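The values are calculated or read from the model by the stated rules, or taken from the named source; none is laboratory data. Since the structure is predicted, the reported quantities are computational estimates derived from the model, not experimental observations. No Cβ is skipped: glycine too gets one built from the backbone with ideal geometry, and neighbour counts run over all protein chains shown.
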Amino acid sequence: MSDITDFFSNPGPLSDVIKGFIPRDAQTAMAEAVGEAIKNKGSLIVEAGTGTGKTFAYLAPALLSKKKFIVSTGTKNLQEQLFHRDLPMVKKAVDKTKKTALLKGRSNYLCLHRLSQHGGGILEKETLNEFSLVRRWAETTSTGDIGELKTIKEDAKVLPIVTSTVDNCLGKDCPSYEDCYLVQARRKAMEADVVVVNHHLFFADLALKDTGFGELVPEVDVVIFDEAHQVPDIASEYFGINLSSRQVQDLTKDIIALQRTALKDAEQLGKIAEKCQLHMADLRMLFPHNPSRGNWIEKLQQDDVAKQIDIIKHNLKNLADVAVVHQGRDKDLDLMIERIVDFIERLEKVTDITSTGVSLWYETTPRHVVLHLTPLSIADKFSSIIQAQPSAWVFTSATLMVDGNFEHYRHTMGLYDAETLSLDSPFDYQNQAILCIPRFLPEPNDRSIKHNLVDIAVGLIEASKGRSFILFTSHAMLREVAEIVSERIDNPILVQGSTTKAALLEEYLKRQDAVLFGTGAFWEGVDVKGDDLLCVMIDKLPFASPDDPLLQARIDDCKKQGGNAFAQIQIPQAVITLKQGAGRLIRDETDKGVLVICDNRLVTKQYGQTFLKSLPDMKRTRSLQAVHDFLQNIE
């Protein structure tokens with residue numbers, strides 16, 4: 001028997017710390033495979049179905065190996081859960097003396113220098129109030145982690161003022177460097193045996209290492225990605241270049257604030273900074289009023305947009321020239337000059353329409369525009385990173401396979417030599433759940449489907465007495481259906497967008513008959529067990545919007561290379577998203593429930609089989625009556 005088999009046995013180290021621990025073959029098999037990958041410094045891809053216990057299956061062998069390792073999760077919430085709940089438990093069973101560290105991105109830590117710089121003089125009333133709350137909290141915090149600050153909103157306007165970015169951090173030249181919370185958190189991470197990060201932070205660090213800024217994620221022997229299905233999209237973002245009007249506005253605000261306090265004689269500098277602000281705001285005016293995404297190359301070919309970009313380039317160069325005159329007078333200004341030069345370089349790159357192998361696209365928020373240059377494939381870049389670092393790499397999620405194999409994931413990530421392992425969920429889906437694809441539905445793009453969705457939702461909500469997630473692929477359809485359903489039933493209806501995701505979930509769990517209407521945010525990373533969730537309805541197959549500019553560029557590129565973009569890109573992406581949505585339903589051995597997918601393409605199209613094969617093996621029906629009966633019979 002190996003150390004790992006012993007560890008997961010009962011009696012064994014894990015059963016000593018977890019009351020009622022029951023060994024699971026799939027969990028032990030995954031732990032053995034992770035142990036092998038660590039020993040051989042190899043790469044491993046594992047799809048572990050819900051309920052396998054994958055967190056313990058990678059933590060135990062990594063801790064037993066006595067090597068230094070990083071775990072990267074999909075979100076900050078999962079990061080906190082892993083660090084505060086799962087890791088201490090396994091550590092207790094292996095070695096309590098192991099040093100662990102939780103590391104977040106820099107925008108999660110208070111910046112003492114920026115706090116002292118802003119006396120709050122030029123802030124609006126609401127922001128000024130938030131600023132005083134931050135000040136008060138700053139006197140008592142020991143970590144500087146903004147997450148502790150519950151008295152202000154997640155997206156409070158004060159946060160960019162009291163946190164730093166890569167652009168405006170003074171680094172070792174900062175007067176508050178020795179007391180810096182970010183530096184303290186990094187030092188702790190450098191000394192720790194186990195560091196818990198999230199994907200955004202991991203790839204931000206890789207991107208920074210590329211530019212020679214130094215590294216935040218320390219060198220380690222083992223890297224484990226949980227929720228690894230999210231990695232390709234996040235990595236693409238960081239392997240590209242972007243520039244937002246907000247970054248330029250933040251820089252010019254900093255310059256104006258500095259000119260008014262430390263450089264009172266540099267009036268021209270303040271004036272040009274104000275001009276840059278206006279020209280950036282004018283650029284946003286050239287895009288549709290409502291937030292949107294689109295093809296930046298097409299937009300750049302419009303005369304007014306091209307002219308505005310030239311004006312912005314000219315003004316940024318002016319700003320740099322005038323700032324250089326005052327170089328050496330102030331450390332903050334010297335850093336701002338570097339930022340201006342960096343923005344000019346980035347602007348050149350994201351407006352170069354001759355670039356190949358990349359997509360140039362834009363997205364707008366109500367007040368800002370972000371220009372992106374994103375690589376169409378990360379495979380070469382990522383595989384070269386793996387080859388350059390002699391570590392073990394583990395990628396795991398409940399949703400990595402498409403049509404029974406890992407080819408799509410391997411190809412996307414460049415993991416051509418990786419070992420693979422697929423472990424089914426231990427749940428008895430045949431008895432715990434029903435999958436229904438209702439009969440007699442119009443095509444999903446037919447406008448009349450809305451009325452069918454309303455009728456189906458009302459019937460399901462009545463049969464399950466609430467306790468349902470009604471999930472949509474578009475915000476527009478969500479709003480329309482939610483509005484009509486609310487007129488026909490008395491259950492409390494909670495709609496995504498009305499408040500934060502966490503607040504909605506809390507409200508849903510508090511009210512025994514509530515129904516939650518959600519889109520993207522509720523398709524994954526939500527864990528509602530037992531009688532709190534009996535029904536998940538999905539409006540249609542979650543194909544990404546065809547007018548998404550990045551997807552469009554990938555499709556065009558695939559076609560140029562003679563590939564079938566629908567089969568190679570669109571179907572695999574949609575399969576993984578559907579598996580995530582379906583995974584909300586059964587979270588425990590005793591859960592029961594129904595999954596209703598209102599899309600007849602699952603039955604009428606050949607590719608429907610690819611989707612069905614990828615879903616858990618539930619009993620299947622096309623009769624809504626059978627579903628209602630099943631729901632009404634759940635104890």
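From the residues in the stretch 138-181 that are among the charged types (D, E, K, R) and in contact (Cβ under 8 Å) with a residue 60 or more places away in the chain, which one is nearest to R106 (Cα to Cα)? Show your work before the answer.
Of all residues in the stretch 138-181, those among the charged types (D, E, K, R) come to 139, 145, 148, 150, 153-155, 157, 167, 172-173, 178-179.
Okay, now just the ones that are also in contact (Cβ under 8 Å) with a residue 60 or more places away in the chain, so 154, 167, 173, 179.
Working: E154: 15, D167: 11, D173: 17, D179: 15 Å.
Looking at the filtered set, the residue picked out is D167.
Tell me the helices (runs of 4 or more DSSP H) entirely within the stretch 295-352 that contain at least 2 residues that are touching a residue at least 60 places away in the same chain (Cβ under 8 Å), crowded, with 16+ Cβ neighbours inside 10 Å and of a type in the set (K, R).
331-350
Take the conditions among the small types (G, A, S), closer than 22 Å to F630 by Cα and modelled with pLDDT under 95 and apply them to G404. Does it pass?
Values: among the small types (G, A, S): yes; closer than 22 Å to F630 by Cα: no; modelled with pLDDT under 95: yes.
When the stated conditions are applied, G404 does not pass them.
Looking only at the stretch 110-138, filter to residues that are of a type outside the set (A, V, I, L, M) and not in a helix (DSSP H, G or I); which one of those is modelled with the highest pLDDT? Full working, then the answer.
The first filter runs over the stretch 110-138 and keeps only residues of a type outside the set (A, V, I, L, M), leaving 111, 113-114, 116-121, 124-127, 129-132, 135-137.
Now narrow it down to the ones that are not in a helix (DSSP H, G or I): 111, 118-121, 124.
Values: C111: 93, H118: 74, G119: 61, G120: 53, G121: 58, E124: 80.
Here the answer is C111.
Give the stretch 527-544 a look and list any residue that's within 18 Å of the chain's Cα centre (by Cα) and either within 19 Å of C598 (Cα to Cα) or surrounded by 20 or more Cβ atoms within 10 Å (Cβ to Cβ) (or both), or say none.
Initial filter on the stretch 527-544 (within 18 Å of the chain's Cα centre (by Cα)): 527, 542, 544.
The answer is P542, A544.
What is the one condition in (1) surrounded by fewer than 18 Cβ atoms within 10 Å (Cβ to Cβ); (2) at negative phi that G270 does not satisfy?
All conditions pass for G270, except number (1).
Kindly list, by first and then second residue, each pair from a residue in the stretch 607-635 that is within 14 Å of L595 (Cα to Cα) to a residue that is of a type in the set (F, W, Y), limited to pairs with Cβ atoms under 8 Å and residues at least 6 apart or on different chains.
P616/F427; P616/Y429; D617/Y429; M618/Y429; K619/Y429
What about D417, is it outside the structural domain of N600 (by TED's automatic domain parsing), modelled with pLDDT under 95 and surrounded by fewer than 17 Cβ atoms within 10 Å (Cβ to Cβ)? If you could, list the steps in order and put the result at the bottom.
On the way: outside the structural domain of N600 (by TED's automatic domain parsing): yes; modelled with pLDDT under 95: yes; surrounded by fewer than 17 Cβ atoms within 10 Å (Cβ to Cβ): yes.
Spelling it out, D417 is indeed outside the structural domain of N600 (by TED's automatic domain parsing), modelled with pLDDT under 95 and surrounded by fewer than 17 Cβ atoms within 10 Å (Cβ to Cβ).
With the checklist (1) at pLDDT 90 or above; (2) under 26 Å from Q81 (Cβ atoms) in hand, flag the one item F543 doesn't pass.
That leaves (2) as the condition not met.
So which of E462, E524 is within 23 Å of L78 (Cβ to Cβ) and either surrounded by 15 or more Cβ atoms within 10 Å (Cβ to Cβ) or among the hydrophobic types (A, V, I, L, M, F, W, C) (or both)? Outline the logic, then answer.
Details: E462 fails: within 23 Å of L78 (Cβ to Cβ).
Being within 23 Å of L78 (Cβ to Cβ) and either surrounded by 15 or more Cβ atoms within 10 Å (Cβ to Cβ) or among the hydrophobic types (A, V, I, L, M, F, W, C) (or both) holds for just one of E462, E524, which is E524.
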